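The values are calculated or read from the model by the stated rules, or taken from the named source; none is laboratory data. All of these numbers come straight from a predicted model, not from anything done at the bench. Here the Cβ positions follow ideal geometry from the backbone for every residue, glycine too, while neighbour counts run over all protein chains shown. Quick note on the areas: whole protein, heavy atoms, side chains included, nothing else; ligands and nucleic acids left out. Shrake-Rupley method; radii C 1.70, N 1.55, O 1.52, S 1.80 Å.
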Amino acid sequence: MKLLKPSWVNHDDKPIFSVDIHPTGKRFATGGQGGDSGRVVVWNLNSVLYESVEVDPNVPRMLCQMDNHLACVNCVRWSNGGRYLASGGDDRLVMVWGLSVAAGTSGKHKAETWRCLSTLRGHAGDVLDLAWSPLDKWLASCSVDNTIIIWNAEKFPEMVCVLSGHTGLVKGVAWDPVGKYIASQSDDKSLRVWKTADWAQETVITEPFEECGGTTHVLRLSWSPDGQYVLSAHAMNGGGPTAQVVERDGWRCDKDFVGHRKAVTCARFNNNIFVKEGKKCCCAAVGSRDRALSIWLTSLKRPLVVVHDLFSDSVLDLSWSSDGLNLLACSSDGTVACIQFTNKEIGTPLTMDEKNAFYEKIYGKCLANESGGDLSTNLLVECPEILLAREKQEAKKEAIKEDSMPKSEKSQTAKSALAPLLASPVSVASGSPLRPMDRQIETRTSDGKRRITPVFIPLTNADANESLGSQPGGMENCFSTSSQSKSRIRVEVRDDIVIHPNVSNHAINTSQGSTRLNDNGLDQRLRKRTAAALPGPRADDVAAKRGRSPGPAAAAAVAAAAAPAPPPLPAPALGAAGPVVRAAGSLRLQIVNKAYNTHYGTLSRLQLLPNNSVSNDPVWETYLGSPVTCVACDARWACVSCADGLLHAWRLHHQPHDQRHVARALPPIALMSQAAKLSLSGERLAAVTTAGELSVWDLAAGACLLRPLSFRNLLAHKVTVTNCSLLEDGNPMISLSNGKTYIYSKKLYAWVVWADAGDPVWRAGGPLAARHPRPPPAAGAAPGTPLHPAFTAPRRDRALPSRTSTYSAECARSWLEAQAAASLHLRLPRDYRHWLTSLFAHLVSHGSEDQLRSILDDMLGPSHCTSTPKKWQSTILGIKKHDILEEMLALLVRQLRWQRMYSEYSEQLNDIKQTNGVVNGH
């Protein structure tokens, strides 16, 4: 083992919060604080590992430096394929970087050119951790806003869903290596596991974390490469800090890594499965606030090595190289350490073929065999035009991938594409289908009874060469233990298969979920009903009519009715635990409520402080006569509201060359009631009051854009406003904590339902509705533009499986029609185009010919309609209908049962194009 600590890997003596090694092992990235912003640096790993390369003046050590983040970078992560680098920071942004093939400018910071390919906006707080899914299909980000966002890595910046359930800051996220689960850890003293099939919560683990406090900057957890264990950060056992091991089988928590003196901040499993002394094992690194680093093998009861006082401050992140022999660790002291191992010390890694054979044996599938083929079918192609159209679609997809891929990475991608072909654990000559040999399927009948389907287990060559007791360290039980060995037969619970009495199981193929048991073990149909009011007059009413004095309960009810009704929204409490700090560009706004007590009352102090300065002297200071309850600020504006109902707004950096000049943008404004939330979007300020009213001002013009508009009737008990913004056309949008989002239409004088997470129609649509997420925001779109998912995928735990197939498709169609109608009346062209094509795509798979022709006729024009309309417009919301028709035909060609309809409309559209687009004079 060698320990290296290159002094030239630094961020100008600023903290380094994250480190990650590229999958090829040629470079690594660091993220942290820069000069006056967040900084991401790409380094040459060979300069760290080899002294000859380090001293070579012709080999650059720093490959590229990116200072695009507005605030400190908390996490950097390479994609598994190595094409992208994701970074997240305190500016609430996630940036995705790609290597540019264009020649970069000369200099030590530009040996390579990495440019930002996409900026992901969606979090309402600092982004603390990132994780790519095993096949780079999704990117997960977690934040202090208590949520995890799943991004579509194939269509950035599209959101897949938002995982809401944590009640504290989410500080770590990790994917299951086989892609079935994703785990997250939070300051709410819980570790949660989510299912990727429907993004529902699988389990919540709290017992090992009950004694923990929120003392760590991050909680980076890790999943073992065999998928059998989750290694958490910051757990407690007997009053001492540990790294908790959570088993996949039943989510048991009976193992942990002990020895650190302070809280564990990060844990990272090596990506390889090792064989040492004839035993299969995994290797994990654990970092702590005690500045120490420990390395563990799951086949040993004690750590392999412990390095004390490696840094002068807390360890914050760890990263293993793809060969498993190099480990990088970073610290908030601004340094990076490298530990080199040998195969003799940690074992020999399994080859890719052996690793995929292991996944096939345990999970019944390899890592790289989940490829969907929506264009494949059993039907034959009737005409060459269909085949040509489908080949063009595939060619376009390949061209896009080739254009975005650097030349240096193309050879690597070509090699990785052959991995699934080389990873088959079953001989081709055998002719037997690939299926798990040590697993049985557990299903449930419609009345809740368990049924286990037996699976024949033939004797394989591997089984013939090893005895039952020859695997004391096998992957089924990697950790050393004295307990009795468990059966090798694994029972997989399949809730997506429901067996109906007297009906063949093979005739039922539904993915809408099954009837599950509630927490007390009773079937949903046997739960106790809540007591309803009995018919007839109440006893208190009868007593009042007879002249009697009402009882104590009735008197209390009358007193409650006479008392003033509480406001629909609660008044926020701010600064009770100390100063409140918000980022304001290169400055930070610090608010101290009740800073001074005078004979005339308490004073609240507002200060602008420099972010990166030796002096902490404020560049601007002011006082208010009431406690501040709401804050909204950015690099140009600072807005606060107080408990006395006054709204204050200042313009920062009024003069470009004088950062110390601050002027009031608005005079003190008395709101109708105390503010519950402030939202700043560009030059527009939106204020939501506790009385359920929304107002919007233009700070630059000093004018009101929207007079107080009430939405009190939209609120329910304990429902709060999570976001408020103004769209480009001036219509306001509000999002509520119950998952509902409304947009006010000035044309209709009504609130239009834009999203409803509790909508029974949408939930009944199940995965058919979840296949159509909202489109990504356009370039330059203002924050708050309704082009992102407002809710997660529907949960189907209470759906009736026997009826799902009958109404699910129709519910999805009804929901898509409502989304298209809302976009049309709100005059949102991009959304309308998305929802209309999504509706058409749904009808292609589940609709009838009449439904498809109705849409196609309207897009094509009146000359080809069976019933000619009186007037036909060639555009809708500024979009040419023929352009939408071309998109629909591209969707139609995917289903060969509609190929004749495709040929009919495609030929008519081509004829129209040849006649310069003239249709009946239009």
Net charge, L569 excluded, C-beta distance under 14 Å - Lys, Arg +1, Asp, Glu -1: +2
Length gained when the stretch R121-L4 is fully extended (0.36 nm per residue, less Cα-Cα span): 38.4 nm
Point-to-point label distance, K137-E683, nm (Cα→Cβ direction, 7 Å offset): 4.5
Unit Cα scatterers, Debye sum, segment 188-256: log10 I(q)/I(0) for q = 0.13, 0.17, 0.23, 0.26 Å⁻¹: -0.36, -0.61, -1.07, -1.30
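Estimate the FRET efficiency between D12 and A573 by the formula 1/(1 + (r/R0)^6), using the beta-carbon distance for r and 35 Å for R0, to the nearest 0.05. Working shown, then result.
Working: r = 39 Å, r/R0 = 1.10.
E(calc), rounded to 0.05, equals 0.35.
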Residues with amide H under 5 Å from that of R27, placed H, sequence gap 5 or more: H22, L45
Cα-based Rg of segment 642-766 normalised by 2.2 N^0.38 Å, two decimals: 1.22
Pairwise label distance in nanometres, N616 with K871, each label 7 Å out on the Cα-Cβ vector: 6.9
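Within segment 697-758, what whole-number % of the accessible surface is contributed by carbon and sulfur, with the 1.4 Å probe and all protein chains included in the calculation?
51
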Entries in K137/K279; K171/K262; K255/K301; K137/K396 that, when Cα-Cα distance is taken, lie over 21 Å: K137/K279
Surface per residue (accessible, 1.4 Å probe) for segment 238-295, Å²: 35
Burial ranking of peptide ranges 711-724, 242-255 (average Cβ count within 10 Å, highest at the top): 242-255, 711-724
Accessible solvent surface per residue of segment 1-52, calculated while the other protein chains remain in place, 1.4 angstrom probe, Å²: 38
Neighbourhood charge, 14 Å Cβ-Cβ cut-off, centred on A583 and excluding it, Lys, Arg +1 and Asp, Glu -1: -1
Peptides 670-680, 845-855, 66-76 ordered by average Cβ neighbours within 10 Å, highest first: 66-76, 670-680, 845-855
Cβ-Cβ FRET estimate between R582 and T348, R0 fixed at 41 Å, reported to 0.05: 0.20
Packing-based order for 322-332, 342-352, 884-894, using average beta carbon neighbours within 10 Å, highest first: 322-332, 884-894, 342-352
Net lengthening on full extension, S854/E442 (0.36 nm per residue, minus Cα-Cα): 143.8 nm
Simple spin-label estimate for T602 and K301 in nanometres, 7 Å along Cα-Cβ: 5.7
Cα extents of segment 825-915 along the three principal axes, largest first (Å): 35, 29, 24
Net charge of neighbours whose Cβ lies under 10 Å from the Cβ of Q185, counting Lys and Arg as +1 and Asp and Glu as -1: +1
nm² value of the averaged projected area, convex hull over the Cα atoms of segment 232-362: 8.3
Zone residues, segment 824-858, relative to E904, backbone N less than 20 Å from point 7 Å out along Cα-to-Cβ: 840-858
